[in-house]
Structure formats: C-alpha cells, structure tokens
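Novice: Have a look at the structure that comes next, please.
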Amino acid sequence: MTTRDRILNEALTLFAQNGYDGTSVEEIAEKVGIKAPSLYNHFKGKEDILNALIDMAEARYEEFFGSDRHIGKLPESKEEFIQTAIQKVSFTMCDPMIRKMRKFLVREQFRNERFAAITTKHQLSGIQGMYAKIIEGMMRQGLFKEDDPELLATEVTAPVALWIAKADRQPDCEQACMASVEKHIRHFCDVYMTE
C-alpha cells in the first residue's frame, strides 16, 4: 500500500470515528507513521484528503453497486432480481470503505450541505432512481406488474436503508438485518412480480 493510500485509509477511519472537524492533519500523519509536513507531499491539506476520499468512494460505489446512470444488466427473472439486490445490499453493508464513509457522512450530514446531499443520494434518491429504472425496464419485459416504478422503488429500498442503518449502529445484528432484507425483497417480488 502506498503512503498516499495509507493516508486515505487512516483519514477515513479517523473521520468516521471523530468527525471531520475532530480530526487533525497531525493525527492522520501520526496514524500513518509520518510527520505532518510529509503528508503535504501527497495532499494539499485535510480538505484535499476528504475530496479524494469522496471521489474514491463514489467511484467504488458506482463500480460495485451502480447508479441511475449505470444500472447494469436488467435482471431477467424474479430470482435474479432478488440475488442482484441482495448482492448490492451486502456490498453496501459490508464493504469496509463504504461502511466507514457511510458512518462518516451520516455523522457529518447535519453540519455540511455537501455531506447531506451525498447521504441523501446514497440512502434515498440515488438508490430510488436506479431501482425505478430497473423496475421500469423489467415492467417492459413483463416481469413486474404495471405500476408506478418510482413508488415501487421506494417500497423496495426504504426498508433496506433502515436495516443497513441498524447494522451500522449494532454490528452484532448484521446477519439478522441481512435476513430481514432478503425476506423483505422476496416478499416485495411475490407481491409485484408476475412470475
């Protein structure tokens, strides 16, 4: 791992634990095992580190989860929809970087408009937009009953966001939360899919 990567990793851990304002450049450098002036060889300052973290997390999320601009291949069956949804939730819940970033953003969303917008995107509007497109595409294929795709996207994603938040607060409940997510998605599919 490069020094730059170690700086980003330690900064994210500290930001998730202590918040942005509660973390100093000196603390980040100390965790990495370098002097604070050496950190400036890699980043202009704390805000530059934060921007690099946000860019990395957004790119990672786009690649492994998707978005309303990148929905990926439409599922071709109920079981494929369920498995794809569960894989996306598992990535969101378990990926160490995404988990730390989510904890950091949830903590900071009330102090910073940018963080609030990113949190809303990942917990509500972005996920709903992506699932509305997936469901609409599957409706055209005859796999979902005709209905309002945006409303159905809300119905499938909102409870999942609550279980992810519970798993963040109570990590010992993660397996139970995943079981609840799968049960919910299966029920949703039984109600709204034509298969």
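Novice: Exactly one condition in (1) modelled with pLDDT of 90 or more; (2) farther than 21 Å from Ala11 by Cβ; (3) not small (Gly, Ala, Ser) is false for Pro96; which is it?
Specialist: The single condition Pro96 does not satisfy is (2).
Novice: Which condition number does Lys35 fail, the rest of (1) at pLDDT 90 or above; (2) surrounded by fewer than 17 Cβ atoms within 10 Å (Cβ to Cβ); (3) assigned by TED's automatic domain parsing to the domain that holds Ile164 being met?
Specialist: For Lys35, the failing item is (3).
Novice: When you look at Arg107, is it out of contact with any strand residue (DSSP E or B) (no Cβ under 7 Å at 6 or more places or on another chain), buried (at least 18 other Cβ atoms within 10 Å of the Cβ) and under 20 Å from His70 (Cβ atoms), yes or no? First the steps, then the outcome.
Specialist: Values: out of contact with any strand residue (DSSP E or B) (no Cβ under 7 Å at 6 or more places or on another chain): yes; buried (at least 18 other Cβ atoms within 10 Å of the Cβ): yes; under 20 Å from His70 (Cβ atoms): no.
Taking the combined requirement at face value, the residue does not satisfy it.
Novice: Within the set of pairs 6 or more residues apart or between chains, which connect a residue that is farther than 11 Å from Ala11 by Cα inside region 40-57 to a residue that is charged (D, E, K, R) and in a helix (DSSP H, G or I) with Cβ atoms less than 6 Å apart?
Specialist: Hits for this filter: His42/Arg4.
This table checks each residue for (1) in the same structural domain as Leu74 (by TED's automatic domain parsing); (2) modelled with pLDDT under 95; (3) surrounded by 12 or more Cβ atoms within 10 Å (Cβ to Cβ).
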| site | (1), (2), (3) |
| --- | --- |
| Leu143 | yes, no, yes |
| Leu152 | yes, no, yes |
| Glu155 | yes, no, yes |
| Leu162 | yes, yes, yes |
| Arg169 | yes, yes, no |
| Cys177 | yes, no, yes |
| Ile185 | yes, no, yes |
| Phe188 | yes, no, yes |
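Novice: Could you count how many residues in region 1-26 are among the charged types (D, E, K, R) and either surrounded by fewer than 16 Cβ atoms within 10 Å (Cβ to Cβ) or modelled with pLDDT under 95 (or both)? Reasoning before the result, please.
Specialist: Narrowing region 1-26 to residues among the charged types (D, E, K, R): 4-6, 10, 21, 26.
Add one more test, that the residue is either surrounded by fewer than 16 Cβ atoms within 10 Å (Cβ to Cβ) or modelled with pLDDT under 95 (or both), and what stays is 4-5, 21, 26.
So the answer is 4.
Novice: Right, here's the next one. Filter region 89-117 down to the residues that are of a type in the set (Lys, Arg) and assigned to a helix (DSSP H, G or I) and list them by number.
Specialist: Of the residues in region 89-117, the ones of a type in the set (Lys, Arg) are 99-100, 102-103, 107, 111, 114.
Answer for region 89-117, where residues must be of a type in the set (Lys, Arg) and assigned to a helix (DSSP H, G or I): Arg99, Lys100, Arg102, Lys103, Arg107, Arg114.
Novice: Okay, next question. Residue under question is Tyr61, and the condition is that it be under 12 Å from Met101 (Cα atoms), in contact (Cβ under 8 Å) with a residue 40 or more places away in the chain and outside any helix (DSSP H, G or I); does it hold?
Specialist: Working: under 12 Å from Met101 (Cα atoms): yes; in contact (Cβ under 8 Å) with a residue 40 or more places away in the chain: yes; outside any helix (DSSP H, G or I): no.
Spelling it out, it is not the case that Tyr61 is under 12 Å from Met101 (Cα atoms), in contact (Cβ under 8 Å) with a residue 40 or more places away in the chain and outside any helix (DSSP H, G or I).
Novice: Report the residue count in region 39-90 for those that are basic (Lys, Arg), over 22 Å from Leu152 (Cα atoms) and either buried (at least 17 other Cβ atoms within 10 Å of the Cβ) or in the same structural domain as Met178 (by TED's automatic domain parsing) (or both).
Specialist: If we filter region 39-90 for residues that are basic (Lys, Arg), which is where we start, we get 44, 46, 60, 69, 73, 78, 88.
Retained after the next criterion (residues that are over 22 Å from Leu152 (Cα atoms)): 44, 46, 60.
Pick out the ones that are also either buried (at least 17 other Cβ atoms within 10 Å of the Cβ) or in the same structural domain as Met178 (by TED's automatic domain parsing) (or both) and you get 46.
Matching residues across region 39-90 total 1.
Novice: If you don't mind, there's one more thing I want to ask. Do we have Arg186 as closer than 28 Å to Thr13 by Cβ, more than 13 Å from the chain's Cα centre (by Cα) and among the basic types (Lys, Arg) here?
Specialist: Working: closer than 28 Å to Thr13 by Cβ: no; more than 13 Å from the chain's Cα centre (by Cα): yes; among the basic types (Lys, Arg): yes.
Answer is no for this residue.
Novice: Would it be correct to say that Leu151 is over 16 Å from the mean Cα position of the chain (by Cα), assigned to a helix (DSSP H, G or I) and without any contact (Cβ under 8 Å) to a residue 40 or more places away in the chain? Can you show your working first?
Specialist: Working: over 16 Å from the mean Cα position of the chain (by Cα): yes; assigned to a helix (DSSP H, G or I): yes; without any contact (Cβ under 8 Å) to a residue 40 or more places away in the chain: yes.
In short, yes.
The values are calculated or read from the model by the stated rules, or taken from the named source; none is laboratory data. All figures in this text were calculated on a predicted structure; none of them were measured in a lab. Every residue, glycine as well, gets a Cβ built from its backbone with ideal geometry; the counts of neighbours run over all protein chains shown.
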